[in-house]
Amino acid sequence: MVAHRKCVSRDRLIREIEEEMQSHIAEAIAEGRDPGEARRAFGSVLSHRESSRDIRLLPWLESLCADAVFGWRQLLKSKLTSACAILSLALGIGACVSAFRLADALLLRPLPVARPERLYDVFRAQIGWDGKPGTFDGWAYPVFARCVLR
């Protein structure tokens, strides 16, 4: 029903534009101009109709609707390819959303701790395997209990 109403509205708009152009030509003829010369001076009926339509309507919205209809027809034309494309898009969007949720939970939000200012980072300074000094935060629990929990 909406498509039918849109077509009727578009036809009515085209009819109004053509009637207005004919009234301008009739006005020029009434002023004493030659009918052929008045039509030539007024220009192409089609170009005036198109420019008037672009002024009165939202051409980008009409173009968007036409693209959506074309896309829907293409989806219905090749159902297997469409199903594969939709499935791959869904999987990709789901993977991106889950990666963002993980990064948000681990990196962006504060820790769910009652008093986070009392948390400490425990590390040890020692000489590494390459002979250079460094800091290490890996602990075996017995060593951690002996050094820290005294």
* **The lone exception for Q126 - which of (1) surrounded by fewer than 10 Cβ atoms within 10 Å (Cβ to Cβ); (2) of a type in the set (S, T, N, Q); (3) under 41 Å from the mean Cα position of the chain (by Cα) it fails** => (3)
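Would you check if there is a residue in the stretch 16-33 being in contact with a Leu (Cβ under 6 Å, 6 or more places away or on another chain), modelled with pLDDT of 75 or more and surrounded by 10 or more Cβ atoms within 10 Å (Cβ to Cβ)? Before the answer, list the steps.
If we filter the stretch 16-33 for residues that are in contact with a Leu (Cβ under 6 Å, 6 or more places away or on another chain), which is where we start, we get none.
Checking the stretch 16-33: not a single residue is in contact with a Leu (Cβ under 6 Å, 6 or more places away or on another chain), modelled with pLDDT of 75 or more and surrounded by 10 or more Cβ atoms within 10 Å (Cβ to Cβ).
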* To do: Within the stretch 107-133, track down each residue that is of a type in the set (A, V, I, L, M, F, W, C) and within 23 Å of F144 (Cβ to Cβ).
  => L111, V113, A114, L119, V122, F123, A125, I127, W129
* Please find, among L107, L111, the residue that is loosely packed, with under 11 Cβ neighbours inside 10 Å and part of a helix (DSSP H, G or I). => L107
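The values are calculated or read from the model by the stated rules, or taken from the named source; none is laboratory data. Keep in mind that this is a model prediction, so the values were computed, not measured. So basically every Cβ, Gly included, is an ideal-geometry build from the backbone, and we count neighbours across all protein chains shown.
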